[in-house]
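Report on one structure; see the data block that follows.
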Amino acid sequence: MTRSASSPLLLDLMELEDHKTPSDVVEEILRQNPDLTYPTPLERFVELAGIESISELTTDGFEGMLITNAEKSRGAIMVKAGVSPRRRRFTIAHELGHFLLPWHRQQKFSCKSSDIKDSAQNRGLAPDLVSIETEANAFASELLMPSSAFKSFIDDFETPNLLNLTNLSDTFDVSFEATVHRYKALSDKPLAFIFSHNHIVRYWVKTQDMPYTLKVRKDHALPLRSASRNDGNSMTDLETIAAHVWLEPHSELALPRNILEQTIHQSAGYKVTLLYVENLFGLEYDQTVDFDDEADHELEFNQEVIYEQASEYSVDAAFDESI
């Protein structure tokens, strides 16, 4: 992932026109720049796109704004004043998504804080606005943390841990919370992440390969028997904890005896806790049923174990780019 000084960035806008999804548009940008280094040189791409300025936005209620001409050959981005550098960076990438996605044809985009997050809060918007804001978020995540590059890092992780995620946050220059969401989307490990403030759950998410639902809900206290309830100012070690402290019973799987837990203490009482089920092998209940039919022939039914992939409690809630 190195690029020589003689290999300038490229952005052929005509080549973006025929692509139909945010990930396809970013894939084309990466194809044009195969030796891209990270963090992604975002503001250079902004210039190449035709965005003439990035300025501070003082209007209350908006996180970011994009204004363009009818042809989308010129534009200006505005970002809420006073936000953290990494939140500002994600907002710029979001507005650049509105500019570069060919089917986003408005000339003005006024984006609230809840828009610039791939979150359940977008459900209150009209369907067309849900689509364009979610797509701009997807563009921003893919441009700042490209799937191929991100996976090349996480595939090297022997055991998931929060130190690796802090390193990824630095590598891609994005917030820790955005890094966790990206890791959640791309990891093939059975993991869950609990976001809390002052020992109260804000929300939690899990990977597709995590079959269990968590016992905690939004606004619940963290479990008393969990080290996540302790105060601190750093990162705990990855330690074992009884699985029943966190996990709900599953209809097809027994609970493991223990799982791994780790918590990172952030500022102002914010914390993120990682849960990892090391091995799902052998946890399936016995689904084999033997019986004789009327002809005394023995039949055997092997019922396929179906993992629960979703829960109303495990939606991607809003994440704070400043954390």
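Read-outs: derived from the displayed coordinates by stated rules, not from any lab. It should be emphasised that the depicted structure is a prediction, and the values quoted were computed from it without experimental measurement. With ideal geometry, Cβ positions are generated from the backbone for all residues, glycine too; neighbour counts draw on all protein chains shown.
Here are the numbers for the structure shown:
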| quantity | calculated |
| --- | --- |
| Point-to-point label distance, Ala268-Glu284, nm (Cα→Cβ direction, 7 Å offset) | 4.8 |
| The stretch 1-110: chymotrypsin sites (Phe, Trp or Tyr not before Pro) falling in loop per DSSP and having at most 13 other Cβ within 10 Å | Trp103 |
| Distance between modelled label sites at Asp24 and Ala242, nm, 7 Å Cα→Cβ extension | 5.3 |
| In sequence order, calculated HN-Hα J values of the stretch 90-104 (Karplus, 6.51, -1.76, 1.60; Hz; x Gly/Pro) | 5, 4, 4, 5, 4, 5, 4, x, 4, 6, 8, 6, x, 8, 8 |
| Charge dipole (the stretch 189-276, unit charges on Cβ, about Cα centre) - positive-most of Asn233, Tyr203, Ala254 | Tyr203 |
| Cβ-Cβ FRET estimate between Arg44 and Met14, R0 fixed at 22 Å, reported to 0.05 | 0.70 |
| Charge dipole (debye, nearest 20) of the stretch 13-144; +1 at Cβ of Lys and Arg, -1 at Cβ of Asp and Glu | 460 |
| Linear extension gain, Ala70 paired with Lys108, 0.36 nm per residue minus alpha-carbon span | 12.7 nm |
| Chain lengthening between Thr159 and His199 when straightened (0.36 nm per residue, less Cα-Cα) | 11.8 nm |
| Straight-distance crosslink candidates among lysines, where the alpha carbon sits under 27 Å from Lys184 and sequence neighbours closer than 8 are dropped | Lys20, Lys112, Lys117, Lys151, Lys206, Lys215, Lys218, Lys271 |
| Segment Thr166-Ser251, extension gain: residue separation times 0.36 nm, minus the distance between their alpha carbons | 27.1 nm |
| Point-to-point label distance, Ser147-Arg225, nm (Cα→Cβ direction, 7 Å offset) | 4.0 |
| Alpha-carbon centroid distance for the pair the stretch 160-216 / the stretch 20-54, whole angstrom | 26 |
| The stretch 189-276, dipole about Cα centre (Lys/Arg Cβ +1, Asp/Glu Cβ -1), debye to the nearest 20 | 200 |
